[in-house]
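Student: First the structure, then my questions, so here it is.
The values are calculated or read from the model by the stated rules, or taken from the named source; none is laboratory data. Being a predicted model, the structure only gives us computed values, none of them experimental. Cβ sites come from the backbone with ideal geometry, for glycine too, and all protein chains shown count toward neighbours. Side chains are part of the model used for accessible areas, which takes the heavy atoms of the whole protein and leaves out ligands, DNA and RNA. Shrake-Rupley method; radii C 1.70, N 1.55, O 1.52, S 1.80 Å.
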Amino acid sequence: MKIIIAGAGDVGFHLGKLLAHEDHDITLIDTDEDSLNHAANHIDVATIKGSSTSFATLDDANVSKSDMLIAVTSSEETNLITAMVAKRLGAKRTIARITNSEYLHAREVLDMRRMGVDEMISPQLLATKEIKRLLKEAAITDTFEFEKGLLSLIGITIDEERPLCGKTLEETTYLNKDFKFLTVAILRNDETIIPRGNTRFELGDHVYYIAKPEGVESVLQLTGKKQSKKIKRLIILGGGKVGFYAARSLSHKYNVVLIEKDRDKAIEMAEELPNTLVINGDGRNVDLLEEEGIDTADAFIAVTGDSETNIITSLVAKKHGVQKTIALVENMDYIHLSQNMGVDTLINKKLIAASFIFRYIRRGEIISLTNVHGVDAEVLEFVVNENSPVTKKELKALGFPKSAIIGGAIRRGKAYIPKGDFQFEPYDRAVVLTRPECISKVEAFFR
């Protein structure tokens, strides 16, 4: 595919990095020469300096021959205009990053497709959905469900001397006799490991499993975690767009307190969020957090515009016994350090947005895609075609890439954790964790 990306910031760069492992013709447009040079030095892309709203710049990028144009600059207006102009010049499909959610809610009234914008994505709303997903289980650092929970991806930190510590995967098979779950990845000191039989568990590992519903409890017991009490009360720090959207979405299910430092904004939000208790104050003040009952909160979500504030206040919350802490960070390098920080989950809205856009470019029969925070891998769900290579042999004979692992299968409403003798049938669904550089090879098995 010929893909043009307008914007060489974090979203555009990460998207280019994801696509660089595949045989795509990628052109990156930006007005900032330093950003373009950084991208050119790290990923295989062509670069053009100029405004993406310029006819001449888009013509230089050969937009008339492009399969997709993705506008992800920091300016909503630039992204919308870029998509509209590109469509008129012949781009087959356009995607624009927006900040005003009104465009999403009124897309049919505005008829954005007719105007030239095929898809719109809001990093703030995507971050809100991510927060909502992460609140499902306090003891788990990451969770994602497939087929309404028939299979789940769960992340657990090994922070106690449990039966796993010091043992290889092969040595711990007796703890999973009924094959209710499968270890699919280990994050250790910024390194992502696709485990094999001789992989040894270590204290401090972040371990990721694909599990059946009954396997989730087994994993919690095995790793020394308890099925935590249901989250009822949560504190949100920061009244920006993510904080506002999160409070509006979560207040229907949880008892929500929102803390905002700006007095005028706090008053405005109190009027717009009738089901949320809005407090005007500085969340960095520990006395304030204690006054607002941080000791009784089940979850703490820090989404101010300052990454350091979000991390530090989350650590304070953890010290006060809060079960679940989520911190929004702007610097993507923090995501890879999350393992050693003590915060349950760090999220980055730009990284979430890039991964969301990535699914539009997939060629196989992918029906869902998610990224695991801090893990250099993608989790894909495929529909198996009638002539897919995975239907021809048992798993152990497929020659499946070592940088990927098939973690689960769903067949006619029943979940399976596949062993080596498992063989896929047409219309099965497969859950696969794969390193980015291996995605094309994995897709070939399911075409």
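Student: Of all the residues that make up segment 349-369, how many are at pLDDT below 70 and open to solvent by 10 Å² or more (accessible area, probe 1.4 Å)? Spell out how you get there, then give the answer.
Tutor: Our first condition is that a residue be at pLDDT below 70; within segment 349-369, this holds for 362-369.
So of that shortlist, the ones also open to solvent by 10 Å² or more (accessible area, probe 1.4 Å) come out as 362-368.
Number of matching residues: 7.
Student: What's the number of the condition Leu58 fails, among (1) more than 25 Å from Ile352 (Cβ to Cβ); (2) among the aliphatic types (A, V, I, L, M); (3) surrounded by fewer than 16 Cβ atoms within 10 Å (Cβ to Cβ)?
Tutor: All conditions are met except number (3).
Student: Which condition breaks for Ala430 when tested against (1) open to solvent by 10 Å² or more (accessible area, probe 1.4 Å); (2) of a type outside the set (Asp, Glu); (3) free of Cβ contacts under 8 Å to residues at least 60 places away in the same chain; (4) not in a loop (DSSP other than H, G, I, E, B)?
Tutor: Among (1) open to solvent by 10 Å² or more (accessible area, probe 1.4 Å); (2) of a type outside the set (Asp, Glu); (3) free of Cβ contacts under 8 Å to residues at least 60 places away in the same chain; (4) not in a loop (DSSP other than H, G, I, E, B), the lone unmet condition for Ala430 is (1).
Student: For residues in segment 388-427 being among the small types (Gly, Ala, Ser), under 19 Å from Arg196 (Cβ atoms) and not in a helix (DSSP H, G or I), which is most open to solvent (accessible area, probe 1.4 Å)?
Tutor: Applying the first criterion (among the small types (Gly, Ala, Ser)) to segment 388-427 yields 388, 397, 399, 403-404, 407-409, 413, 415, 420.
This time we only want the ones that are under 19 Å from Arg196 (Cβ atoms), so: 397, 399, 403-404, 407-408, 420.
From what's left, not in a helix (DSSP H, G or I): 399, 403-404, 407-408, 420.
Values: Gly399: 63, Ser403: 44, Ala404: 2, Gly407: 1, Gly408: 0, Gly420: 32 Å².
It comes out as Gly399.
Student: So the check is Cβ under 7 Å with 6+ separation or different chains; which pairs have a first residue in segment 180-207 that's within 20 Å of Glu437 (Cα to Cα) and without any contact (Cβ under 8 Å) to a residue 12 or more places away in the chain and a second one that's in a loop (DSSP other than H, G, I, E, B) and of a type in the set (S, T, N, Q)?
Tutor: From segment 180-207, the pairs are Ile193/Thr199.
Student: Name the residue, out of Leu125, Leu110, that is on the phi < 0 side of the Ramachandran plot and modelled with pLDDT under 85.
Tutor: Going through Leu125, Leu110 in turn, the sole match is Leu110.
Student: Taking segment 61-84 as the search range and keeping residues that are closer than 30 Å to Val242 by Cβ, β-branched (Val, Ile, Thr) and surrounded by 21 or more Cβ atoms within 10 Å (Cβ to Cβ), which one is nearest to the chain's Cα centre (by Cα)?
Tutor: This residue is Val72.
Student: Is it the case that some residue within segment 38-50 is at pLDDT 95 or above and either of a type in the set (Gly, Ala, Ser) or open to solvent by less than 10 Å² (accessible area, probe 1.4 Å) (or both)?
Tutor: yes
Student: In addition: For segment 324-345: of the residues being touching a Phe, Trp or Tyr at 6+ places or on another chain (Cβ under 9 Å) and of a type outside the set (A, V, I, L, M), which is modelled with the lowest pLDDT?
Tutor: Step by step, filter segment 324-345, then rank; the result is Lys324.
Student: Still on this structure, please answer the following. If a residue must be aliphatic (A, V, I, L, M) and closer than 12 Å to Gly239 by Cα, how many such residues does segment 278-322 contain? Give the steps one after another, and end with the answer.
Tutor: The initial filter retains those residues of segment 278-322 that are aliphatic (A, V, I, L, M), namely 278-279, 286, 288-289, 294, 297, 299, 301-303, 311-312, 315-317, 322.
Checking which are closer than 12 Å to Gly239 by Cα leaves us with 278-279, 301-303.
Count: 5.
Student: Tally up the residues in segment 273-315 that are of a type outside the set (Gly, Ala, Ser) and open to solvent by less than 50 Å² (accessible area, probe 1.4 Å), please. Even if it seems obvious, please write down each step before you answer.
Tutor: As a first pass, look at segment 273-315 and keep what is of a type outside the set (Gly, Ala, Ser): 273-280, 282, 284-292, 294-296, 298, 300-301, 303-304, 306, 308-313, 315.
Next cut, open to solvent by less than 50 Å² (accessible area, probe 1.4 Å) only: 273, 276, 278-279, 288-289, 292, 294, 298, 300-301, 303-304, 309-311, 313.
Residues that pass the stated criteria total 17.
Student: Taking segment 85-135 as the search range and keeping residues that are among the acidic types (Asp, Glu) and surrounded by 15 or more Cβ atoms within 10 Å (Cβ to Cβ), which one is farthest from Tyr254 (Cα to Cα)?
Tutor: Out of the qualifying residues, it is Asp118.
Student: Identify, please: which residue in segment 139-188 is surrounded by 18 or more Cβ atoms within 10 Å (Cβ to Cβ) and of a type in the set (Gly, Ala, Ser) and is, among those, modelled with the highest pLDDT?
Tutor: Within segment 139-188, the match that is modelled with the highest pLDDT is Ala185.
Student: Let me ask something else. With the checklist (1) open to solvent by less than 60 Å² (accessible area, probe 1.4 Å); (2) modelled with pLDDT of 95 or more in hand, flag the one item Ile26 doesn't pass.
Tutor: If we test Ile26 against (1) open to solvent by less than 60 Å² (accessible area, probe 1.4 Å); (2) modelled with pLDDT of 95 or more, just (2) comes out false.
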